[in-house]
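I have placed the structure first, in the form of structure tokens, so that the comments after it can refer back to it.
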Amino acid sequence: MATKRKWPVVLMSTALAAGLLAGCGNNNGNNASPSASSPAASNSNANESASPEKLDPITLSFYSEDPNPNWSNMQDDIGKAITAKTGVTLDAEFAVGDPIQKSALIASSGKYPDVISAKTSISKFVDAGAVLDLTELIDKYAPNIKKIFGDQMNRLRYSLDDKSIYVIPTYDAVGHQPFNAGGGFELQHRVVKELGYPAIKTVKDYENAIKQYLAKHPTDENGNKNIGLTLNSEDWHMYISVTNPAFYTTGAPDDGEFQVDIDTQKVTYHYLRPEEKEYFRWLNHMNAEGLLDKESFVQKYDQYKAKIASGRVLGLIDQDWDYGDGERALKEAGKFDQGYGHYPVTLDEKYKDTSFWPTGYNPSSGIAISKSNPDPIRTIKFLDYLASDEGQVLVNWGIEGKQYNVENGKRVIPKEVNDRKINDGINFQKETGIGSYVTMMARYGDSVKDPTGNYYTTNFPEQIVAGFNDVEKEVLKAYNATTWKDLFPKAEEFPVKPWGASWSIPIPGDSDIPVIEEKLKNITWKMIPKAILAKPENFDSVWDDYVKQLEKANVHKAESLREELIKNRIELWK
């Protein structure tokens with residue numbers, strides 16, 4: 001393999017705003033697939049670009065804003081299979097620290113990696129003239145990519161003024177309908193079990209469950225104090241654990257830092273919604289009652305996960321991919337009753353949790369080919385192979401006979417493999433590559449089946465349930481649910497947003513939006529914790545001060561600029 005190339009890096013403290021997107025994701029298809037010779041993978045007629053001829057080896061430099069600490073330089077099972085099929089090896093570098101700053105430095109340097117995955121900063125590369133328009137390359141050399149996007153190809157266009165395709169979306173899977181929930185409000189299974197499985201629908205229900213359990217069990221078996229609720233506020237985690245729940249619990253969908261009226265497209269900085277003020281007032285109340293961890297706004301991410309791993313934290317407001325390391329430690333120790341269930345909690349019963357509000361197909365982040373790339377045609381063919389049925393099964397399932405078997409035409413993950421995948425995830429990913437390549441490819445999402453009648457991803461009901469331990473199954477049964485998603489409002493209960501999600505709209509390089517929104521973020525990240533930690537009688541005065549600071553920082557101008565972008569996207573997608 002070629003010597004690993006590096007690009008400029010600056011350490012910084014700004015947040016990765018979009019990782020949170022939804023995520024950040026998205027957050028879903030995360031597993032691998034079969035060998036090139038696998039019958040379950042090779043009987044598709046869609047693999048038009050999977051060339052049978054032997055291809056000369058080529059190494060492409062690859063930069064991603066999204067960290068991948070388990071990357072094994074394509075020496076895992078899947079990486080070796082991809083290289084054997086395509087001849088391509090990736091000399092990869094993943095962002096460390098602030099990816100936005102690093103991408104800005106790369107974009108301005110004039111020295112570009114061959115392939116770029118810019119999760120939040122594609123506009124920087126477009127403005128620098130660093131990336132190619134892929135429209136013709138896709139049309140001529142990428143039949144599988146064309147097949148996946150179908151009549152959604154127009155949504156790949158960059159903007160109303162520039163209808164080029166600079167990015168092949170990889171974080172947003174086509175046809176994705178998740179079968180499970182990984183967010184909401186979390187409670188340890190032992191809490192709801194001891195209390196007789198009470199309804200957990202409102203913040204008051206959630207608060208009462210924590211309060212009642214703490215009254216009975218103020219300490220753990222070692223005499224250490226149990227913690228009612230802890231929040232994860234370090235850097236960009238602030239969005240996931242502290243601020244995004246304010247709109248999920250009050251009837252608004254995830255449009256980043258703004259709420260958009262479904263009928264008029266009027267935009268509001270979402271913290272200015274009166275109902276969200278009341279959500280933060282409830283957190284203020286939790287703090288005053290001693291139910292909120294006093295270290296919520298000073299602890300580091302590693303401390304947060306370690307605290308969860310101790311088993312002392314009864315409640316979280318987070319996504320499972322964010323706190324998962326801590327919960328895995330509990331499961332590895334056999335403390336399954338201290339794992340977490342997911343509940344659709346709202347401010348009161350007049351609201352619906354909006355976790356599954358649909359966006360339609362909402363392309364955002366993905367793969368771009370730089371103008372420095374030595375062989376764009378070879379590169380697009382490589383990306384097209386990953387998008388083929390064979391490639392998707394490989395990346396999602398692994399190698400047939402090793403990570404899965406085919407029994408009576410059905411792909412099946414052996415129990416010992418699935419157990420290791422759940423309980424030894426880091427080493428499993430490093431060895432197999434399952435989870436390492438999924439965000440490098442155009443792909444179908446959960447709920448979509450391939451021509452063999454099998455799901456493309458391993459995230460389908462039977463497989464999800466197979467991953468639950470007995471305690472989790474017991475709690476779900478008590479709530480008349482098979483997976484956690486069964487407890488949440490369904491997507492069809494909400495109207496589809498014609499703009500997708502506002503956070504996915506590229507920001508023009510000459511816009512005032514980034515400067516204004518950075519100021520708004522800094523004010524919000526200072527004042528929201530201050531409001532939560534204030535004495536209850538001072539909450540309103542702190543909040544009034546917060547609003548005045550936002551207005552002084554041109555919050556209403558930001559709303560107007562965002563509204564213009566949203567209306568332009570609706571026009572572009574017509």
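The values are calculated or read from the model by the stated rules, or taken from the named source; none is laboratory data. Computed from a predicted structure; not experimentally measured. As a convention, Cβ positions derive from the backbone with ideal geometry for all residues, glycine included, and neighbour counts pool all protein chains shown.
Values computed for the structure shown
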read-out: Residue among Gln212, Gln177 that is at pLDDT 95 or above and closer than 30 Å to Ala478 by Cα; value: Gln212
read-out: The lone exception for Val96 - which of (1) modelled with pLDDT under 75; (2) assigned to a loop (DSSP other than H, G, I, E, B) it fails; value: (1)
read-out: Selected residue (criterion: surrounded by the most Cβ atoms within 10 Å (Cβ to Cβ)) from residues of region 480-502 that are touching a helix residue (DSSP H, G or I) at 6+ places or on another chain (Cβ under 6 Å) and not small (Gly, Ala, Ser); value: Trp499
read-out: Filtered residues of region 177-194 (kept if surrounded by fewer than 20 Cβ atoms within 10 Å (Cβ to Cβ) and closer than 30 Å to Lys449 by Cα); value: Gln177
read-out: Of all residues making up region 195-228, the number that are more than 19 Å from His342 (Cβ to Cβ), free of Cβ contacts under 8 Å to residues at least 24 places away in the same chain and surrounded by 13 or more Cβ atoms within 10 Å (Cβ to Cβ); value: 2
read-out: Matching helices (runs of 4 or more DSSP H) fully within region 245-348 where at least 3 residues are surrounded by fewer than 19 Cβ atoms within 10 Å (Cβ to Cβ) and touching a residue at least 40 places away in the same chain (Cβ under 8 Å); value: 274-288, 320-332
read-out: Single residue of region 45-86 satisfying the filter (of a type in the set (Asp, Glu) and buried (at least 17 other Cβ atoms within 10 Å of the Cβ)) that is modelled with the lowest pLDDT; value: Asp66
read-out: Residues of region 149-176 classified as crowded, with 17+ Cβ neighbours inside 10 Å and within 23 Å of Pro489 (Cα to Cα), total; value: 4
read-out: Ser159 vs. criteria in a helix (DSSP H, G or I), modelled with pLDDT under 95 and over 19 Å from Leu60 (Cα atoms); value: no
read-out: Cross-chain or 6+ apart pairs with Cβ under 7 Å, region 504-530 first and at negative phi and without any contact (Cβ under 8 Å) to a residue 24 or more places away in the chain, then surrounded by fewer than 16 Cβ atoms within 10 Å (Cβ to Cβ) and of a type in the set (Asp, Glu); value: none
read-out: Tabulated pairs, region 426-442, first among the aromatic types (Phe, Trp, Tyr), second part of a helix (DSSP H, G or I), C-beta under 8 angstrom, 6+ apart or interchain; value: Phe428/Arg420; Phe428/Lys421; Tyr437/Ile78; Tyr437/Gly79; Tyr437/Ile82; Tyr437/Leu386; Tyr437/Val395
read-out: Residue list for region 119-145, restricted to those being under 30 Å from Lys490 (Cα atoms) and either more than 20 Å from the chain's Cα centre (by Cα) or at pLDDT 95 or above (or both); value: Ile145
read-out: Filter result for the condition that a residue is crowded, with 18+ Cβ neighbours inside 10 Å, touching a helix residue (DSSP H, G or I) at 6+ places or on another chain (Cβ under 6 Å) and in a loop (DSSP other than H, G, I, E, B), over Thr89, Thr120; value: Thr120
read-out: Enumeration of residues in region 352-379 that are over 27 Å from Ala501 (Cβ atoms) and surrounded by 20 or more Cβ atoms within 10 Å (Cβ to Cβ); value: Asn373, Thr379
read-out: The one condition in (1) modelled with pLDDT of 95 or more; (2) within 30 Å of Ser103 (Cβ to Cβ); (3) surrounded by 17 or more Cβ atoms within 10 Å (Cβ to Cβ) that Ile507 fails to fulfil; value: (1)
